[in-house]
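The values are calculated or read from the model by the stated rules, or taken from the named source; none is laboratory data. This one's a predicted model, so the numbers in the text were calculated from it and none came from an experiment. Reconstructed Cβ throughout: ideal geometry from the backbone, glycine too, with neighbour counts over all protein chains shown.
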Amino acid sequence: MIALGVLVFAAVLLLALTLWRRRSPAILRRIDAYDRLNREVGLAVEDGTRLHISLGRGNLFTSRGGSALAGLAMLRRIAERTSVSDRPPIVTSGDAALTILSQDTSQSGYRAAGAEEQFRVSAGRMTGLSPFAYAAGTIPIARDENVSANILIGDLGAESGLVAEAADRQDSSLIAASDNLSAQSIFYASAQDPLIGEELFAAGAYVGAGASHEASLQVQDVLRWLVILAILGGAALKFIGFNF
Amino acid sequence: MADIRCPSCGKNNPDFLDVCQFCQTPLKPESMLHIGESPVKKNTGELEPILPQWLKDVRQQGRDSAKEDAAEEAAKPKVQKNEAPDLLAGLASQARAEDDEIPDWLASINPATKPKSVSAPTPEPEKDFFAQFNKSEPAPVNEPVQEDVPSWMSDARETPQAAEEKDELSEWFMKASAEPSAPVEIESNEMGWMGDVDSPSFTFKEPAAPTEEKEDEDLSWLHSLEDSSKQSFDPSTGSGQGVAQGKPSPPSIPQPDLNLMPSADLSQPSSQQEDLSWLNELGGLETFTPSQPAPAQPTAQESIPAQPPAQKDDLDWLNNLGGQDVTSFEEKPAQGDLSWLNNLEGQQIVEEPPGQVSLYSPRRTGPLDGKSNEDSMPDWLKSATEEPSMPPPGALSEWFRETDQPPLSKPQPASDELNAFAPASDSASLSSQDVDSLFSVDMPDWVSRPESGTEESSSQKADVQSDGSLAPVDLPSWVQAMRPVESVIEETPSMESQPTEKEGPLAGLRGVIPIAPIGSSRRPKAISLKLQASEEQQAGAALLERILASETNPRPLVTSAFVISQRVLRWAISGLFIVVLGAMIFLRTQNMPVSAALPNDVSAASNAVASLPQNSAVLVIIDYEPALAGEMEAVSGPLLDQLVLLTHPQLTFLSTSPNGSALVERLLTNTKINQPAPNGLDYRAGQNYFNLGFLPGGSSGVLEFVQSPTSAMPSAGVNNLSAYVAIILLTDHAESGRVWVEQLSSQKQIDPSLSNQPLLVSASAQAGPLLQPYVSSRQIAGMVSGLSDAVRYEFVNNSRPGIARAYWDSFGVGLLMAIAMITIGSLWSLFTGIRARRAEAELG
Amino acid sequence: MRVFTAAFAIASGLIVLLGYFFPIQPLSQLRLILTDWAIVIAGFSVLIGIFNLIAVQMEKIRTRQKGSVYGALLVVSLIFTFGIGLLLGPEDPFMRLAVDAVIVPAEAALMAILAVTLIYASIRLLRRRVDLMSVLFLLVAVLFLLAIMPTPFGPIPGDQLILDVAGMFSRGGARGLLIGIALGTLLTGLRVLFGIDRPYGGN
């Protein structure tokens, strides 16, 4: 029931803050990775190069699907902005369902930009069913497809180190975020601007996905404080001998 | 024709143009007089030749009018007395300081007028020319005959010596005065020839009215002289140029001392002609050939016909006065000699080149000294020596001088006056003949001679100034601005190049209407359509053009070298690992000691396995990837080996990843569970272990399986999860363990029979730390994490199966190598990074 | 059509969610049905993904792009393995040979390359970014490696202390990260549940 209560509270708070942020946009703290992301998107359009967006191998049936959905929200905005580019972005993933969703999301972006005829189904690809197979299938794309920036966002594991290495060899930009701690440590050592922890879920807000994404960040902050209070409170109660 | 290149548009233009015909840019800016610039002082006398003809005509008209006025006034009193006009009234001697009466107004505007005291003392001119004829002292005749130049004329040439020399003319006059002379009537307008001297230095005196006595004089000799002069008159010389113009009183001319002139018997025309031929010569005007021919100027030929014939008869000889050689009475001098006039000025006479015809001939006057000279000078001559009341036309040039010279301050030679109208650059081109040609009167050399050359002019100026000559007049700035610029004037087509008008009122004239060259400033200035861009703008435009052009240019492919430092480092690391670790594996070294103390988590797992009942069903969940199969097999081997060895359970394998089901056999093979005895535990598929395969749906699938294994996996064969006495999870990521933990926890709350069902986890090194809290919370009964736990567990388990122990030494060496590489490499990278940043900072 | 898909998605999510919290029969039954449908669709989507993989490689082969040879090898091997698996079954030794001889070694090799890559990245970390966190990162990594490294002389003294202390901080930090990720996942799910985010083409 506690979980249900937290869920309901989060839902109500999300709706309220969404309505509020539609009137007054939030002021977000600066994240260098997303600044670089926005700049790389513009440069790719001007240079005539393409972006490589990898959503990882997150299964929507697992909790890893959340990071995949965050990646899809970002993909929606990037696809809309890069629809006029000579080279459309390539979206890779390690899950079949995620591949289908990525194709559908890219098409939505082209439609919103009025360039639906520019969409190609091959823009969304499944490169492998296993993590290392997915990494092995993603490395040639980062190396041979005239990619100027690699955006890895989603459920990625240790195998993402190979993709980061491939991006580093091509001197292309790498913006990576994962819900996997191992991947985060690898990204910290490999990427120029790594995203740690829940910064992954701020992608939508920083690319202008909408007021709901900004509201989600605020709800997360509220819930985080609640969790902190709960942990400290519980630890204190446990310390004093209150068993619950 | 030479072309001038325009500095603006770069196109060629004819050299006669001053502005570009395309863009209207001045071609010779340095020679132009621009607005705002202060004009440069110039001597107006130098600009005379470059003046347009129309301006010269205007000026000449002005002079003529001035002369006419002067002549009228001068002639008025004389007309009443009906006496012969003082023909030599204009030839006033500047040396005669006592008798020269220069009006103040004339002296003020006539800088060339010399003070009487400065000039060499000359004898006072006779006020009455004819008075000297009454004198009984005849002058010796022979004297002037023998000499080339009459004494009185020579004296006039050398002013300082004039006083000392004996004037033969005066003697002549004295001799002639003894004879009655017929009155000679000369109209004032006939004195134009006298007034055609454009020099303020010339002063004319009003011809003194001949007295009654003069009327009684016998002037037949004059007539004879006139006749002789007629015959000797050469129209080509242009003598008497100014006579026809009817110019008024001539400028002041040092009047000769006619008293010094040899007397002649006028009653004897023939003899007088012979004797007085010198007079004819005296009246002849030297013809000057100016550098710029002035054909428009009335020549002596034109002027002469204007004279009335009778007067011509009477006065032509006067035209020759002063310009002839005295010694040759029979001769008809082609040119006059006005050098005697130079003597009066104290200047050196400019010898005229032979053959040149001067418009007028200088008149020689006698030594201007001695009272006898004064007495011998006829009245008419005396009057002629008087300065005219009216200023000479040349005096008007003072208006064009910039500086105002005080009157009588520094008289300047007549040449300075002339130089006011001569171009400075062209001063050398004007010779004395040119100046003389401009005038129709017998002008002395010092009057007609231009200030040629800077040296001569400077010397003359110095001499003049030392003698108190007039300083050049500075033109007002507004006049100077109006004055045509020298370069423009130079470029204007000369008179000779201009065609002669053939019809119309200007027929026969040349240069009246100046020819405007093509592209002159009279045309409306065209606006250049060319974009005026600065160099910076042009550079920016060129840069933009290059950028646009580079857009279509193919970019060269950036290829990196095959051997670079990064690849070498990777190869080195890989090679070291392969060589070292491969050797250790190949050698099967087991030198690394193993601790017998089990970690708590491993001990709990071992205890849990030991407490399981015999021949029970155990669920084994394989949730790792093939990439970590080696580690997982090493980690999970001791646990499964102990489980099989102690309890002989029925193993049910389930996989939540697609590849997991394919790894079951490998796991059992490597752990020697399905190996036949004595090497293995002889477990057989379908009897001892079952492989359920892949469980889809992730968490949902796990939940469903946990709730109803049969519904999720029909091949499971059990209806409830409690049928499994234990659940062993083999995973390489914490997420899977968390899912199973969470689902089982919720199910345990529903099914109490699951409360004693242990969950054992065999995790890789990367997942173990994350699952540790679950172990601590007893949600996981026991956990074997990583190779380190496995080797200890294996050691306790009688070193079965031995996979972990085989990797232990290589694992140790590998870790040691990794630590060394990371440490050394990081320090090296730190050092090189600092050095690179320093180099960049130094470069700026 | 977009409204229908959005409505269906929202309804399905609410039913499954409520079914977890309220195990009442209709909701539980519906939850199980929807979950079964999702599993089936997910399983079938694997085939769609494989078909997409083949199509991309075939396009690469047709346009003769760089690496098209490997694409052809992939397609051929896929078809061959699929056919053998249909004919012989996944338990056939031939299939087991394919797994044991191809899949596992290949992925193991990639894992080994990953180890070298991580070491190389650690070496160049200070070249790329020199700050306190980078130095601390490397220092902790080296300490952990030292703590777990076997030596001929036995474990190093204090290895357990290092593991406990450093482990405590690492585990605590990891826990915090995971909580944050969980919260983010929660809000992301709620956005999808409310139809704000429609990755299924509704946006």
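Can you tell me which residue in segment C:49-95 is farthest from A:GLY94 (Cα to Cα), limited to those that are within 8 Å of another protein chain (Cβ to nearest Cβ) and β-branched (Val, Ile, Thr)?
C:VAL56
All but one of (1) over 26 Å from C:PHE21 (Cβ atoms); (2) modelled with pLDDT under 90 hold for B:SER708; state the number of the condition that does not hold.
Going through (1) over 26 Å from C:PHE21 (Cβ atoms); (2) modelled with pLDDT under 90 one by one, B:SER708 breaks only (1).
Residues are listed down the side, and each one gets a yes or a no for (1) out of contact with any strand residue (DSSP E or B) (no Cβ under 6 Å at 6 or more places or on another chain); (2) of a type in the set (A, V, I, L, M):
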position: A:GLN107; (1), (2): yes, no
position: A:GLN118; (1), (2): yes, no
position: A:GLY124; (1), (2): no, no
position: A:PRO140; (1), (2): yes, no
position: A:VAL147; (1), (2): no, yes
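Name the one entry in B:SER699, B:SER636, B:SER715 that is more than 14 Å from chain A (Cβ to nearest Cβ), hydroxyl-bearing (Ser, Thr, Tyr), in contact with a Ser or Thr (Cβ under 8 Å, 6 or more places away or on another chain) and outside any loop (DSSP other than H, G, I, E, B).
Numbers: B:SER699 fails: more than 14 Å from chain A (Cβ to nearest Cβ); B:SER715 fails: in contact with a Ser or Thr (Cβ under 8 Å, 6 or more places away or on another chain).
Matching residue, one of B:SER699, B:SER636, B:SER715: B:SER636.
I need every pair where a residue in segment C:1-26 that is in contact (Cβ under 8 Å) with a residue 40 or more places away in the chain has its Cβ under 6 Å from the Cβ of a residue that is outside any loop (DSSP other than H, G, I, E, B), sequence separation at least 6 or different chains.
Close Cβ pairs satisfying both conditions: C:GLY13/C:LEU193.
crowded, with 21+ Cβ neighbours inside 10 Å, at pLDDT 90 or above and at positive phi: is that true of A:GLY161 in this structure?
Numbers: crowded, with 21+ Cβ neighbours inside 10 Å: yes; at pLDDT 90 or above: yes; at positive phi: no.
So A:GLY161 fails the test.
Within the set of pairs 6 or more residues apart or between chains, which connect a residue that is closer than 17 Å to A:TRP225 by Cα and within 11 Å of another protein chain (Cβ to nearest Cβ) inside segment A:9-34 to a residue that is modelled with pLDDT of 85 or more and exposed (fewer than 13 other Cβ atoms within 10 Å of the Cβ) with Cβ atoms less than 9 Å apart?
Pairs that qualify, where the first residue is closer than 17 Å to A:TRP225 by Cα and within 11 Å of another protein chain (Cβ to nearest Cβ) and the partner is modelled with pLDDT of 85 or more and exposed (fewer than 13 other Cβ atoms within 10 Å of the Cβ): there are none.
Which of the numbered conditions does A:GLN192 fail, given that it passes all the others? Conditions: (1) crowded, with 24+ Cβ neighbours inside 10 Å; (2) at the interface with chain C (Cβ under 8 Å from one of its Cβ atoms); (3) in contact (Cβ under 8 Å) with a residue 40 or more places away in the chain.
(1)
Among the residues of segment B:590-608, is any away from chain C (no Cβ under 14 Å), more than 60 Å from the chain's Cα centre (by Cα), over 30 Å from B:SER777 (Cβ atoms) and at pLDDT below 90?
For segment B:590-608, residues away from chain C (no Cβ under 14 Å), more than 60 Å from the chain's Cα centre (by Cα), over 30 Å from B:SER777 (Cβ atoms) and at pLDDT below 90: absent.
Just checking, does segment B:777-789 include any residue being at pLDDT below 90, surrounded by 18 or more Cβ atoms within 10 Å (Cβ to Cβ), more than 60 Å from the chain's Cα centre (by Cα) and charged (D, E, K, R)?
Within segment B:777-789 (the criterion being at pLDDT below 90, surrounded by 18 or more Cβ atoms within 10 Å (Cβ to Cβ), more than 60 Å from the chain's Cα centre (by Cα) and charged (D, E, K, R)), the answer is no, since none of the residues qualifies.
Here are some residues: C:LEU145, C:LEU193. Which one is in contact with a helix residue (DSSP H, G or I) (Cβ under 9 Å, 6 or more places away or on another chain), facing another protein chain (nearest Cβ under 9 Å) and over 30 Å from C:LEU18 (Cβ atoms)? Lay out the reasoning, then the answer.
On the way: C:LEU193 fails: over 30 Å from C:LEU18 (Cβ atoms).
So the residue among C:LEU145, C:LEU193 that is in contact with a helix residue (DSSP H, G or I) (Cβ under 9 Å, 6 or more places away or on another chain), facing another protein chain (nearest Cβ under 9 Å) and over 30 Å from C:LEU18 (Cβ atoms) is C:LEU145.
Checking C:VAL116 against (1) touching a Phe, Trp or Tyr at 6+ places or on another chain (Cβ under 9 Å); (2) facing chain B (nearest Cβ under 8 Å); (3) loosely packed, with under 15 Cβ neighbours inside 10 Å, which single condition isn't satisfied?
(3)
Please specify each residue of segment A:167-180 satisfying the condition of being surrounded by 23 or more Cβ atoms within 10 Å (Cβ to Cβ) and either in a helix (DSSP H, G or I) or within 12 Å of chain C (Cβ to nearest Cβ) (or both).
A:ALA167, A:LEU174, A:ALA177, A:SER178, A:ASP179, A:ASN180
Are any residues in segment A:91-117 touching a helix residue (DSSP H, G or I) at 6+ places or on another chain (Cβ under 6 Å) and either more than 9 Å from chain C (Cβ to nearest Cβ) or under 25 Å from B:ALA629 (Cα atoms) (or both), and if so, which ones?
Answer for segment A:91-117, where residues must be touching a helix residue (DSSP H, G or I) at 6+ places or on another chain (Cβ under 6 Å) and either more than 9 Å from chain C (Cβ to nearest Cβ) or under 25 Å from B:ALA629 (Cα atoms) (or both): A:VAL91, A:THR92, A:SER93, A:GLY94, A:ALA96, A:SER106, A:TYR110, A:ALA113, A:GLU116.
Here are the criteria: (1) without any contact (Cβ under 8 Å) to a residue 12 or more places away in the chain; (2) in a strand (DSSP E or B). Tell me which single one B:SER799 does not satisfy.
Evaluating B:SER799 over (1) without any contact (Cβ under 8 Å) to a residue 12 or more places away in the chain; (2) in a strand (DSSP E or B) leaves (2) as the failure.
Considering only residues that are of a type outside the set (Gly, Ala, Ser), touching a residue at least 40 places away in the same chain (Cβ under 8 Å) and either surrounded by 24 or more Cβ atoms within 10 Å (Cβ to Cβ) or more than 10 Å from chain C (Cβ to nearest Cβ) (or both), which ones fall in segment A:195-206?
A:LEU195, A:LEU200, A:PHE201, A:TYR206, listed by residue number.
Among residues belonging to segment B:803-824 that are without any contact (Cβ under 8 Å) to a residue 40 or more places away in the chain and of a type in the set (Gly, Ala, Ser), point out the one that is surrounded by the most Cβ atoms within 10 Å (Cβ to Cβ).
It comes out as B:ALA818.
Restricting attention to segment B:639-670, report how many residues are in contact with a Ser or Thr (Cβ under 9 Å, 6 or more places away or on another chain), polar (S, T, N, Q), farther than 19 Å from C:GLY89 by Cα and at pLDDT 90 or above.
The number of residues fulfilling the criteria is 3.
Determine which single condition C:PHE153 fails, assuming it passes every other condition in (1) assigned to a loop (DSSP other than H, G, I, E, B); (2) at the interface with another protein chain (Cβ under 7 Å from one of its Cβ atoms).
Result: C:PHE153 fails condition (2) only.
Could you look through segment A:52-73, keep only residues that are small (Gly, Ala, Ser) and within 9 Å of another protein chain (Cβ to nearest Cβ), and pick out the one that is nearest to A:TYR110 (Cα to Cα)? Break it down stepwise before answering.
Kept after step one, since they are small (Gly, Ala, Ser), are these residues of segment A:52-73: A:54, A:56, A:58, A:63, A:65-68, A:70-71, A:73.
So of that shortlist, the ones also within 9 Å of another protein chain (Cβ to nearest Cβ) come out as A:63, A:65-68, A:70, A:73.
Numbers: A:SER63: 29, A:GLY65: 24, A:GLY66: 24, A:SER67: 23, A:ALA68: 20, A:ALA70: 19, A:ALA73: 14 Å.
In this case the residue turns out to be A:ALA73.
Consider C:THR188 against the criteria (1) among the hydroxyl-bearing types (Ser, Thr, Tyr); (2) in a helix (DSSP H, G or I); (3) more than 8 Å from chain A (Cβ to nearest Cβ): it satisfies all of them except one. Which criterion is unmet?
Going through the list (1) among the hydroxyl-bearing types (Ser, Thr, Tyr); (2) in a helix (DSSP H, G or I); (3) more than 8 Å from chain A (Cβ to nearest Cβ), C:THR188 breaks only (3).
Identify, please: which residue in segment A:118-127 is of a type outside the set (A, V, I, L, M) and at the interface with chain C (Cβ under 8 Å from one of its Cβ atoms) and is, among those, surrounded by the most Cβ atoms within 10 Å (Cβ to Cβ)? Before the answer, list the steps.
To start, the set of residues in segment A:118-127 that are of a type outside the set (A, V, I, L, M) comprises A:118-120, A:122, A:124-125, A:127.
Checking which are at the interface with chain C (Cβ under 8 Å from one of its Cβ atoms) leaves us with A:122, A:124-125, A:127.
Values: A:SER122: 15, A:GLY124: 28, A:ARG125: 23, A:THR127: 24.
Step by step, filter segment A:118-127, then rank; the result is A:GLY124.
Looking only at residues in segment B:749-783 that are part of a helix (DSSP H, G or I) and within 11 Å of another protein chain (Cβ to nearest Cβ), which one is nearest to B:VAL706 (Cα to Cα)? Step through it out loud before you land on a result.
Going residue by residue through segment B:749-783, those that are part of a helix (DSSP H, G or I) are B:749-750, B:752-754, B:768-776.
Then keep just the ones that are within 11 Å of another protein chain (Cβ to nearest Cβ); that gives B:750, B:768-773, B:776.
Details: B:ILE750: 11, B:GLY768: 23, B:PRO769: 25, B:LEU770: 23, B:LEU771: 20, B:GLN772: 23, B:PRO773: 22, B:SER776: 23 Å.
Only one residue tops the list, namely B:ILE750.
Check C:VAL99 against each of (1) β-branched (Val, Ile, Thr); (2) within 11 Å of chain A (Cβ to nearest Cβ); (3) within 29 Å of A:ALA183 (Cα to Cα) and name the one condition it does not meet.
With respect to (1) β-branched (Val, Ile, Thr); (2) within 11 Å of chain A (Cβ to nearest Cβ); (3) within 29 Å of A:ALA183 (Cα to Cα), C:VAL99 is out only on (2).
Take A:GLU214 and tell me if it is without any contact (Cβ under 8 Å) to a residue 60 or more places away in the chain, in a helix (DSSP H, G or I), within 16 Å of the chain's Cα centre (by Cα) and closer than 22 Å to A:THR105 by Cβ.
Values: without any contact (Cβ under 8 Å) to a residue 60 or more places away in the chain: no; in a helix (DSSP H, G or I): yes; within 16 Å of the chain's Cα centre (by Cα): yes; closer than 22 Å to A:THR105 by Cβ: yes.
Criteria not met by A:GLU214.
Can you pull out every residue in segment A:74-90 that is farther than 25 Å from C:LYS60 by Cβ and more than 8 Å from every other protein chain (Cβ to nearest Cβ)?
Within segment A:74-90, the first condition is being farther than 25 Å from C:LYS60 by Cβ, and the residues that meet it are A:74, A:76-77, A:80-81.
Selection gives A:MET74, A:ARG77, A:GLU80, A:ARG81.
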